[in-house]
1. For segment 7-36, how many residues meet the condition of being assigned to a strand (DSSP E or B) and crowded, with 22+ Cβ neighbours inside 10 Å?
2. Report yes if residue 175 is in contact with a helix residue (DSSP H, G or I) (Cβ under 9 Å, 6 or more places away or on another chain) and touching a residue at least 12 places away in the same chain (Cβ under 8 Å), otherwise no.
3. Checking the structure you have, find out if any residue of segment 148-167 is under 18 Å from residue 11 (Cα atoms) and assigned by TED's automatic domain parsing to the domain that holds residue 86.
4. Filter segment 293-334 down to the residues that are in contact with a strand residue (DSSP E or B) (Cβ under 8 Å, 6 or more places away or on another chain) and surrounded by 14 or more Cβ atoms within 10 Å (Cβ to Cβ) and list them by number.
5. Consider residue 333 carefully, then state whether it is touching a residue at least 24 places away in the same chain (Cβ under 8 Å) and either farther than 20 Å from residue 193 by Cβ or outside any helix (DSSP H, G or I) (or both).
6. Of the residues 266, 261, only one is out of contact with any helix residue (DSSP H, G or I) (no Cβ under 9 Å at 6 or more places or on another chain), closer than 17 Å to residue 248 by Cα and in a helix (DSSP H, G or I); which?
7. Restricting segment 254-275 to residues that are within 23 Å of residue 189 (Cα to Cα) and touching a residue at least 24 places away in the same chain (Cβ under 8 Å), which is surrounded by the most Cβ atoms within 10 Å (Cβ to Cβ)?
8. Is there any pair with a first residue in segment 49-78 that is under 17 Å from residue 21 (Cα atoms) and a second that is in a strand (DSSP E or B) whose Cβ atoms are under 6 Å apart and which are 6 or more apart or on different chains, and what are they?
């Protein structure tokens, strides 16, 4: 079988309703004649039979278990020989011309490993969407945020982020990735299960000198929370746990211990804030996340050794060298445009 140039891969778990709603856009706006796959994570609904009956041209990969986002994609992508993968959430509405501009950038810049399009809200179509917006960044303590979305403040799209450029991480909701680099990195970290595994992968790519980009010429609309709502305590647990693991794995040696201590303190404040709001489940989720992090430290250190070994020319661009928590909660900086450009690391 000849190698596929572009493969669109949609991960599904009990998402028949989402497939029914959003697949028509994927098939309609497939201007590059990409091969479309649905990777099914052992669904117990009628997703597979629905696909077979209504979309016989779509290839189905049936994973034996629900290993979450990370394992589901790793298992599936080992079975797809392509130049480029487009990992697409099942709750994304794509638009006309969304593929070609990104592939052009990947063709033009061989050192670019991953790219995300402009991601806007399905329900508020003039606004960016929480999961990715106009490209991801991290601050000095490893907290992720986006152009167009800092914490819970989401900006209206007024064309303020309409220039392509380098970012720190690309959203997993619509993730264009060079297949060779994905496999070179060993794919996603399956221990993360779900949430922020794309940040971890992008960070590892940057450690090896690759770049990550944002392409506003490609635009998609994300429903958001299609598989796990934003208010879900399990999501809170995953976000707090995974972010500490990612920080420990990927941060350079200088300042790591000091920054982890600062993170512990800030996470503690966040937990107390949940408690003060009467949100007992999210308070408990943060506590559980920390205990899991402590229990997995030895395994995380081994991963860190593997990640950091052989590092020669890491790409350190697009790190915000201040605290986004301080700027947002104490200085009132709610929008990305209010952050000082000089506070970002811009060189490799």
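1. Here is the first cut: in segment 7-36, the ones assigned to a strand (DSSP E or B) are 7-12, 35-36.
Then drop every residue that is not crowded, with 22+ Cβ neighbours inside 10 Å, which leaves 7-12.
Selection size over segment 7-36: 6.
2. Values: in contact with a helix residue (DSSP H, G or I) (Cβ under 9 Å, 6 or more places away or on another chain): yes; touching a residue at least 12 places away in the same chain (Cβ under 8 Å): yes.
Taking the combined requirement at face value, the residue satisfies it.
3. No, every residue in segment 148-167 fails to be under 18 Å from residue 11 (Cα atoms) and assigned by TED's automatic domain parsing to the domain that holds residue 86.
4. Within segment 293-334, the subset in contact with a strand residue (DSSP E or B) (Cβ under 8 Å, 6 or more places away or on another chain) is 315, 317-325, 328, 333-334.
Hits for segment 293-334 are 315, 317, 318, 319, 320, 322, 323, 324, 325, 328, 333, 334.
5. Numbers: touching a residue at least 24 places away in the same chain (Cβ under 8 Å): yes; either farther than 20 Å from residue 193 by Cβ or outside any helix (DSSP H, G or I) (or both): yes.
Against the criterion (touching a residue at least 24 places away in the same chain (Cβ under 8 Å) and either farther than 20 Å from residue 193 by Cβ or outside any helix (DSSP H, G or I) (or both)), residue 333 qualifies.
6. Values: 266 fails: out of contact with any helix residue (DSSP H, G or I) (no Cβ under 9 Å at 6 or more places or on another chain).
Within the list 266, 261, the selection yields 261.
7. Applying the first criterion (within 23 Å of residue 189 (Cα to Cα)) to segment 254-275 yields 256-257, 259-260, 263-264, 267.
With touching a residue at least 24 places away in the same chain (Cβ under 8 Å) added as a condition, the list becomes 259, 263-264, 267.
Values: 259: 16, 263: 21, 264: 12, 267: 18.
It comes out as 263.
8. 51/38; 51/60; 58/36; 58/38
The values are calculated or read from the model by the stated rules, or taken from the named source; none is laboratory data. Remember, it's a predicted structure, so these values are computed and weren't measured experimentally. Virtual Cβ from ideal backbone geometry, glycine too; neighbours counted across all protein chains shown.
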